[in-house]
Every structure is written in structure tokens, then in C-alpha cells.
1. Tell me, which helices (runs of 4 or more DSSP H) lie completely within the stretch 1-79 with 2 or more residues that are closer than 30 Å to residue 94 by Cβ?
2. Can you spot a residue in the stretch 89-105 that is farther than 28 Å from residue 27 by Cα, over 16 Å from the mean Cα position of the chain (by Cα) and at pLDDT below 95?
3. Quick one: which of 86, 127 is modelled with pLDDT under 95 and either surrounded by 13 or more Cβ atoms within 10 Å (Cβ to Cβ) or among the acidic types (Asp, Glu) (or both)?
4. Out of the stretch 50-67, which residues are surrounded by 10 or more Cβ atoms within 10 Å (Cβ to Cβ) and either over 29 Å from residue 21 (Cα atoms) or of a type outside the set (Val, Ile, Thr) (or both)?
5. Return only the number of the condition from (1) closer than 26 Å to residue 101 by Cβ; (2) charged (D, E, K, R); (3) without any contact (Cβ under 8 Å) to a residue 40 or more places away in the chain that residue 28 does not satisfy.
6. Scan (1) surrounded by 12 or more Cβ atoms within 10 Å (Cβ to Cβ); (2) of a type outside the set (Asp, Glu); (3) modelled with pLDDT of 95 or more for the single condition residue 17 breaks and write down its number.
7. Within the stretch 118-148, count every residue that is touching a Ser or Thr at 6+ places or on another chain (Cβ under 8 Å) and either over 14 Å from residue 100 (Cα atoms) or not aliphatic (A, V, I, L, M) (or both).
Amino acid sequence: MSGKLLYPFILVAGALMAIGVVWNSQLRGALVNPWLAATVSFLPVVFAFALMTLLKPTPLPTRKDLAGVRWWMPLAGLTGAVAVFAGLLFVDKVGAGALNGLLITANLLTSVALDHFGWLGMRQVKAGPPRLIGAALMVGGIVLISVF
């Protein structure tokens, strides 16, 4: 399947991220404790993925697959949790546009570096002038969104 056919799903996921940040902030306001709010926010995710694993248990990893799991790989969820927690604490202070814009811009700049240098096992994609101009436009855009 062409990657471009996945773009609508990715766009919906991005829109839901913006909504999720606001809902998490509201959850924190209702529950008062941000740690409890983060836990409550993640519980449905854990249950949904556990249910999907029970409903569709294959494929399961082999011993060889498990041997390829490095110690840092399971920590990937914590990287997303930092963004969720930032939204939970700060969206009502800086606004949804600024918070999500900063998250997405930092994500994009880091992604361009990961691609350019081939870090973390990524296929190397050089950051030529078009990519660097695109990144600069993102930075300029978030400055405009955050300041105005």
C-alpha cells in the first residue's frame, strides 16, 4: 500500500492529538492531580491495545525477535507520555496552537536531524535546501502562532 494512502489517517491522528491535549488539560483540572490525570488518560490506551492483542494475537514475536529488543525500545511510550504530560500541564497556559505547534516543530526538527544523520537506525535522507527551508518555515510559523 502506498504511503500516500495513509496520509488521511495520519491527518486524523494529528487532529486528534490537538483535541487530546485539550481533553487531558481538562482532565487534570477535574482530577486536580496531574499524575492521576495522566494515569487515567493512559488506562484506556492500555486496555484498547491489550484487547486488540487478545482479539488478534498473531503474529507473536519469536525468540529471535525478542533477542532484537534493546533495553531502550520499550521506553518509546515514555517519549510520547512526556508530550501528553506537557499538554496536560501547559495547554491552558500557552494555548492549543502554541503548545501543539511547538511540539510538532520540535518533532519535525528532530526528525530532520534523525533522517539526515541516520541516527537510531533511520534510513539516511540528507537535509538539503528544500528540507531546511521547510523546517525554517515551520519555525517561522510557530513563532507567529506563539507570539500573536
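The values are calculated or read from the model by the stated rules, or taken from the named source; none is laboratory data. Quick caveat, the model's predicted, so the values are computed rather than measured. With ideal geometry, Cβ positions are generated from the backbone for all residues, glycine too; neighbour counts draw on all protein chains shown.
1. Fully inside the stretch 1-79 and qualifying: 7-31, 34-55.
2. No, because not a single residue in the stretch 89-105 is farther than 28 Å from residue 27 by Cα, over 16 Å from the mean Cα position of the chain (by Cα) and at pLDDT below 95.
3. Just one listed residue meets the conditions, 86.
4. 50, 51, 52, 61, 65
5. (3)
6. (3)
7. Of the residues in the stretch 118-148, 1 are touching a Ser or Thr at 6+ places or on another chain (Cβ under 8 Å) and either over 14 Å from residue 100 (Cα atoms) or not aliphatic (A, V, I, L, M) (or both).
Per-residue answers, yes or no, for (1) of a type in the set (Gly, Ala, Ser); (2) closer than 17 Å to residue 34 by Cα; (3) not in a helix (DSSP H, G or I):
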| site | (1), (2), (3) |
| --- | --- |
| 113 | yes, no, no |
| 126 | no, no, yes |
| 130 | no, no, no |
| 134 | yes, no, no |
